[in-house]
Amino acid sequence: MLPLPTLARNLGIDPAHLIPHGHDKAKVALEALDAARARRPRPGRLILVSAITPTPAGEGKTVTSIGLAQGLRALGRSAALALRQPSMGPVFGRKGGATGGGLSTLQPAADINLHFTGDFHAVTAAHNLLAAVIDNALHHGRTRLAPGGVLWKRVLDTNDRALRTVRLAPGAADGRESGFDITAASEIMAILCLAASRDDLRARLERLVVGFTAEGEPVRAAEFRVTGALMALLRDALLPNLVQSAEGVPAFVHGGPFANIAHGCNSVLATRMALAHADYAVTEAGFAFDLGGEKFIDIKCRQSGLAPDAIVIVATLRALKLHGGAARDALAAPAPDALRRGLENLRAHLDAAATFRRPVVVALNHFPADTDAELALVHDFCAAGPRPVPCALSQAFARGGAGATALAAAVLSRLDDGAAPAPAPCPPLDYVYPDELPVAGKIDAIARRIYGADGADILPGAAARLALFERAGYGRLPVCMAKTQDSLTDDPKRPGRPRGFRITVRDFELAAGAGFIVALTGGMLRMPALPRTPAAEKIDLAPDGAITGITGT
């Protein structure tokens with residue numbers, strides 16, 4: 001690892017554009033992006049990492065992303081990472097930390113997993129300030145907003161089922177019912193991640209729809225005259241964070257929306273920073289390709305003009321066996337028949353990725369119990385069929401960049417045959433749906449083309465809510481599907497590649513500032529709960545001040 005000023009200098013970042021937060025992390029001024037573009041007019045190549053439908057513990061997307069960037073560096077390439085910030089909800093809940101693991105980690109891992117540079121706190125404060133101002137305006141009769149038409153809840157970066165529904169105190173907000181979402185599901189988090197500049201951030205905040213009048217007219221955040229205060233709270237949070245991997249690969253870590261209840265991608269600004277400062281930028285989209293991958297392209301790329309040059313799908317033997325019917329407590333044991341059945345889940349994600357006309361590579365994330373015979377089954381599967389794809393074993397957890405050079409070489413071979421980055425651009429993206437298609441048609445297209453469903457059904461209450469949004473002029477926005485990460489369906493108990501199912505939409509939420517409509521399917525909630533035994537029980541502070549017990553660090 002390098003001293004942070006050296007890391008920044010190697011990227012070409014002017015010291016004046018670096019805002020240190022201690023010795024090992026820093027904010028990067030937006031002016032660094034313009035300076036890099038002037039110095040390097042052609043951006044790097046963007047590599048998107050996603051995965052098959054995961055087990056509850058995850059399949060190692062972040063480990064693979066970090067390892068791939070380190071593998072590219074080991075092959076002599078200029079590489080940088082653009083990754084999301086962890087939410088403290090999963091850190092203290094079920095999944096644990098999100099800074100990689102083994103020899104493919106981000107550092108300082110404990111800081112990144114907890115308070116980092118305060119971005120999540122800033123989003124939480126801005127969101128809740130707006131909520132307080134709305135309720136204050138209702139109390140004093142200073143708004144045309146109907147108390148029953150308020151959409152804006154409060155947020156907290158903690159899994160807490162008890163806060164999903166709360167009744168506000170009479171006199172403060174007419175005793176109406178409200179609730180909390182987790183900060184990662186806040187529209188302000190989505191706005192922060194999709195904003196291209198300070199001016200764009202301001203415009204998005206002002207067009208937030210916080211509710212409706214009794215007549216069904218939208219009421220925007222601009223009407224409450226606190227956009228300036230929100231901008232002040234978010235001033236530093238808008239700036240990407242610079243850290244590094246355990247092998248000194250620079251990483252722009254910024255923004256943290258979940259992929260199962262939000263759009264699941266790091267910020268546009270961080271991605272552009274990585275592309276402007278390196279020949280290859282590795283980024284990831286949360287959970288499986290049906291969630292984060294689709295949203296990365298249909299929401300983030302559609303709005304920003306970004307486009308991946310290659311797609312990596314992470315798979316593990318344990319997840320494939322789970323999808324083939326193996327018991328969760330026996331995934332480390334050989335089970336070739338279950339593995340063969342489970343490969344259909346991988347095929348489903350490869351078919352979905354093929355929709356976007358980008359070269360695809362399968363990264364087979366290695367675990368110690370994996371057998372050569374079962375690994376060979378996956379390699380053979382990827383090499384067969386109507387659309388064969390390269391499959392590379394990744395040992396990034398155990399060996400760092402040296403264990404990911406085969407994956408890096410496979411990606412390079414799909415991009416440019418190992419030569420210097422090719423100047424020819426990729427073909428335009430084929431989105432799942434056109435802008436002009438109504439929301440119901442967009443949901444149906446995602447369900448059929450990405451999930452493999454027979455279509456989608458919208459429940460009557462959800463249809464009425466959607467009709468309200470459409471009458472207000474929001475009927476052509478992209479769709480952000482809130483769906484379980486445990487299945488291609490909206491039922492978390494249906495693994496593999498189910499057939500003959502439909503997706504059910506039970507509610508909608510409007511994110512006019514972020515620029516999409518959220519479709520809530522199945523039992524998805526925007527405030528997760530803690531498991532029976534939270535990961536928080538294992539975390540402690542050692543006598544020397546070191547934080548211990550964060551899973552994955």
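The values are calculated or read from the model by the stated rules, or taken from the named source; none is laboratory data. All figures in this text were calculated on a predicted structure; none of them were measured in a lab. Heads up, the Cβs are rebuilt from the backbone with ideal geometry, glycines too, and the neighbour counts pull from every protein chain shown.
For region 492-510, check the following and say yes or no: at least one residue is modelled with pLDDT of 95 or more, surrounded by fewer than 20 Cβ atoms within 10 Å (Cβ to Cβ) and in a helix (DSSP H, G or I). No: region 492-510 contains no residue that is modelled with pLDDT of 95 or more, surrounded by fewer than 20 Cβ atoms within 10 Å (Cβ to Cβ) and in a helix (DSSP H, G or I).
Screening the candidates 110, 98 for the property of being in contact with a strand residue (DSSP E or B) (Cβ under 6 Å, 6 or more places away or on another chain) and within 28 Å of residue 365 (Cβ to Cβ) yields one hit, 110. Taken over region 46-76, the criterion of being at positive phi and at pLDDT below 95 is satisfied by 58, 60. Counting residues in region 167-176 that are surrounded by fewer than 16 Cβ atoms within 10 Å (Cβ to Cβ), within 30 Å of residue 67 (Cα to Cα) and free of Cβ contacts under 8 Å to residues at least 24 places away in the same chain gives zero.
Take region 252-282 and flag every residue that is under 16 Å from residue 70 (Cβ atoms) and touching a Ser or Thr at 6+ places or on another chain (Cβ under 6 Å). Residues satisfying the conditions are 278, 279, 282. A single entry from 197, 186 fulfils the requirement of being more than 24 Å from residue 157 (Cα to Cα), outside the structural domain of residue 295 (by TED's automatic domain parsing) and of a type in the set (Ser, Thr, Tyr): 197. Within region 276-290, residues that are more than 14 Å from residue 254 (Cα to Cα) reach partners that are surrounded by fewer than 24 Cβ atoms within 10 Å (Cβ to Cβ) and of a type in the set (Ser, Thr, Tyr) with beta carbons closer than 6 Å, at six or more positions or on different chains, in the pairs 278/78; 279/78. If you take the residues of region 435-457 that are touching a Gly at 6+ places or on another chain (Cβ under 9 Å) and more than 19 Å from residue 488 (Cα to Cα), which of them is surrounded by the fewest Cβ atoms within 10 Å (Cβ to Cβ)? Looking at residues that are touching a Gly at 6+ places or on another chain (Cβ under 9 Å) and more than 19 Å from residue 488 (Cα to Cα), I get 438. Taken together, the criteria exclude residue 233 from residues that are crowded, with 16+ Cβ neighbours inside 10 Å and closer than 25 Å to residue 282 by Cα.
Taken together, the residues in region 454-491 that are of a type in the set (D, E, K, R) and in a loop (DSSP other than H, G, I, E, B) amount to 6.
Residues being surrounded by 22 or more Cβ atoms within 10 Å (Cβ to Cβ), more than 18 Å from the chain's Cα centre (by Cα) and within 24 Å of residue 411 (Cβ to Cβ) are entirely absent from region 49-57.
Does region 457-477 include one or more residues that are under 21 Å from residue 180 (Cβ atoms) and in contact (Cβ under 8 Å) with a residue 60 or more places away in the chain? Scanning region 457-477, I find no residue that is under 21 Å from residue 180 (Cβ atoms) and in contact (Cβ under 8 Å) with a residue 60 or more places away in the chain, so the answer is no. Residues in region 77-103 that are of a type in the set (D, E, K, R) and more than 16 Å from residue 271 (Cβ to Cβ) were compared, and the one that is modelled with the highest pLDDT is 77.
Residues that are of a type in the set (Ser, Thr, Tyr) and farther than 24 Å from residue 15 by Cα: does region 294-309 have at least one? Yes - at least one qualifying residue is present in region 294-309. Within region 23-32, the presence of at least one residue that is at pLDDT 95 or above, surrounded by fewer than 19 Cβ atoms within 10 Å (Cβ to Cβ), outside any loop (DSSP other than H, G, I, E, B) and not aliphatic (A, V, I, L, M) is confirmed. Screening residue 312 with (1) closer than 16 Å to residue 61 by Cα; (2) surrounded by fewer than 23 Cβ atoms within 10 Å (Cβ to Cβ); (3) of a type in the set (A, V, I, L, M, F, W, C) gives one miss only, at (2).
Among the residues of region 248-256, some residue qualifies, meaning at least one is part of a strand (DSSP E or B), closer than 19 Å to residue 30 by Cβ and of a type in the set (Gly, Ala, Ser). Criterion first (modelled with pLDDT of 95 or more and more than 13 Å from the chain's Cα centre (by Cα)) does residue 290 satisfy it? When the stated conditions are applied, residue 290 does not pass them. Restricting attention to region 316-331, the residues that are among the aliphatic types (A, V, I, L, M), in a helix (DSSP H, G or I) and surrounded by fewer than 24 Cβ atoms within 10 Å (Cβ to Cβ) total 1. Summed over region 292-315, residues that are closer than 21 Å to residue 394 by Cβ and assigned to a helix (DSSP H, G or I) total 3.
The residue pairs whose first member lies in region 432-443 and is over 10 Å from residue 476 (Cα atoms) and in the same structural domain as residue 471 (by TED's automatic domain parsing), whose second member is outside any loop (DSSP other than H, G, I, E, B) and polar (S, T, N, Q), and whose beta carbons are closer than 9 Å, counting only pairs six or more residues apart or on different chains, are 443/521.
Any residue that is in a loop (DSSP other than H, G, I, E, B) and farther than 15 Å from residue 95 by Cβ - is there at least one of those in region 528-540? No: region 528-540 contains no residue that is in a loop (DSSP other than H, G, I, E, B) and farther than 15 Å from residue 95 by Cβ. Among the residues of region 60-68, is any touching a His at 6+ places or on another chain (Cβ under 6 Å) and not hydroxyl-bearing (Ser, Thr, Tyr)? No - not one qualifying residue is present in region 60-68. Inside region 239-262, can you point out the residues that are over 15 Å from residue 13 (Cα atoms) and either surrounded by fewer than 23 Cβ atoms within 10 Å (Cβ to Cβ) or of a type in the set (S, T, N, Q) (or both)? Result: 245, 246, 247, 248, 260. Could you tell me whether region 380-396 includes any residue that is surrounded by fewer than 19 Cβ atoms within 10 Å (Cβ to Cβ) and farther than 30 Å from residue 320 by Cα? Scanning region 380-396 turns up no residue that is surrounded by fewer than 19 Cβ atoms within 10 Å (Cβ to Cβ) and farther than 30 Å from residue 320 by Cα.
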